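Quick note: the coordinates plus some simple rules give every number you see, no bench work behind them. Everything numeric in this text was worked out from a predicted model, so none of it was measured. Positions of Cβ are generated from backbone atoms using ideal geometry, with glycine treated the same way; all protein chains shown enter the neighbour counts.
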Amino acid sequence: MDVRPSVAIQRKYNVIDVKAAKKVALFWLERAKLQNAIDFGLPEVDDRYHIWRVPLVGKTSQERLGEVVVDAYTSLILEDKSTSPEILEARLLGRTTPQKQKPRKTNEAYLLSNLRNTIAQGDGEKLLQELPAGSVNLIFTSPPYYNARPEYTDYVTYEEYLLKIRKVIQNAHRVLAEGCFFVMNISPVLVRRASRSEASRRIAVPFDMHRLFVEEGYDFIDDIIWEKPEGAGWATGRGRRFAADRNPLQYKPVPVTEYILVYRKHTDKLIDWNIRAHPQKELVTESKVGDNYERTNIWRITPAHDPRHPAVFPVELAEKVITYYSFKGDVVLDPFAGIGTVGKAASKLERRFVLLEQNPEYVKIIHDEAKLWLGKDARHIHTINCPPIDVENILF
């Protein structure tokens, strides 16, 4: 018997069946805190518009209350087509459906993101183009070094490297929400000499990055110095010649610092607006920073090492950035995710993560690590261009 694949499979939807559609809708209900009062009818795929319609019914009355509409390709909730939580609550309580208020101006409203925890395999520059505008509250990343080590040989010229980073910064501007922050961990790199007759070259990458950010519509906020323990930079070999000969002009200090550059997406609104206009005041209160915070722009943090990746940054660094530049419940994105350090820190601090990574080996590591970060909640992670998270056989 010839069994044809479903329309969802033929069209390569990300949401391919009823079970997957309900899973997405359940996450939305949990965000609205309505999962205990509302159940699902039978989801239907509308392939004319590439959406799933998930009926919502009262758990007690079984009366239809509304629906959740899911984009079949991206698995994102289409808020403008779904029944709002306010209307659902009113119908559950038998109240008159609240009248629709006049929409506020886009630049006046603080919109909460509906993005789920996400792991995506592919080029970060291109994946950023697929994310909804204004759906991310913080970007923290450490881009690949420019040919500083043998592992990084993707760029023929430094100009090509800068162009790639510019495109990421440019595409990130669209997905960042109003007045939110882009924080980058970056440092100068040493391009080693090809022979003894040539001089090595040290490139001031952070200063070129600053130019890119300003040209792409960001405001400079802060430069934080990450200081490593004494002796951390001796592996570079820098300074050994001077230590041996002590000749003037040969002096080269051992690098024990990196930059944490902080930018804010340009807006006419003050930072206070992001605090006052936040629609969930309890999250703002819960996100207040404790007494043991960094009081200067010099952060002393021990570097991290992991045999699975040549250039990881410490979780402590990611935790500080996320704590100081986002609220609980926010979406934190890393377009060069590596083995997922930002995701680990975001999960610990009750934020959501979006991790974009091109290397399939690193994506697999993130898959495995995510089960440790979230336990069985890892089953709600949205995956793009990689398999879903399987937690069925994992004991927690």
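Run through all the Cα pairs of the stretch 7-92 and give the fraction in each 10 Å bin from 0, expressed as whole percent.
Pair shares across the bins are 20, 53, 23, 4.
Tell me which aspartates and glutamates have Cα within less than 13 Å of Lys228's Cα, excluding those fewer than 8 residues away on the same chain?
Glu258, Glu316
Sequence gap at least 6, Cα distance under 8 Å: using those rules, report the relative contact order of the chain to the nearest whole percent.
Once normalised by length, the contact order is 17 percent.
How would you rank Glu89, Glu160, Glu357, going from fewest to most other Cβ atoms within 10 Å of each one's own Cβ? All intermediate terms of the calculation are to be shown ahead of the outcome.
Numbers: Glu89 17, Glu160 11, Glu357 27.
Ascending Cβ contact count within 10 Å gives the list Glu160, Glu89, Glu357.
What chymotrypsin sites (Phe, Trp or Tyr not before Pro) does the stretch 267-332 have in DSSP loop regions with at most 13 other beta carbons within 10 Å?
Counting only loop positions with at most 13 other Cβ atoms within 10 Å, the chymotrypsin sites (Phe, Trp or Tyr not before Pro) in the stretch 267-332 are Tyr293.
If we count other beta carbons within 10 Å of each Cβ, what is the order of Arg295, Arg116, fewest first?
Ranked by crowding around the Cβ, least crowded first: Arg295, Arg116.
Check the straight Cα-Cα distances from Lys269 and name the lysines below 20 Å, setting aside those fewer than 8 residues away within the same chain.
The reachable lysines, counting only those whose Cα sits under 20 Å from Lys269, are Lys105, Lys281.
Which of Phe313, Phe207 has the fewest other C-beta atoms within 10 Å, and how do the rest follow up to the most?
Sorted ascending by nearby Cβ count, the order is Phe207, Phe313.
Identify the residues of the stretch 37-77 with backbone N under 18 Å of a label point that sits 7 angstrom from the Cα of Gln10 along the Cα-to-Cβ direction, or state none.
44-52, 72-73
Rounded to the nearest 5, what is the percent of antiparallel bridges among the DSSP beta bridges in the chain?
Restricted to the chain, the bridges split so that about 60 percent are antiparallel.
Which of the lysines could be linked to Lys364 by a straight reach, that is with a Cα gap under 28 Å, when you skip same-chain ones fewer than 8 residues away?
Within the straight-line limit of under 28 Å, Lys364 reaches these lysines: Lys12, Lys19, Lys22, Lys23, Lys126, Lys164, Lys167, Lys320, Lys328, Lys344, Lys348, Lys376.
I want to check the label-to-label distance for Lys59 and Val191. Put each point 7 Å from Cα in the C-beta direction and report it in nm to one decimal.
Placing both labels 7 Å beyond Cα along the Cβ direction yields 6.2 nm.
Which listed residue (Val136, Ile221, Ser287) has the Cα farthest towards the positive end of the charge dipole for the stretch 106-384, taking +1 on Lys and Arg C-beta and -1 on Asp and Glu C-beta about the Cα centre?
Ile221
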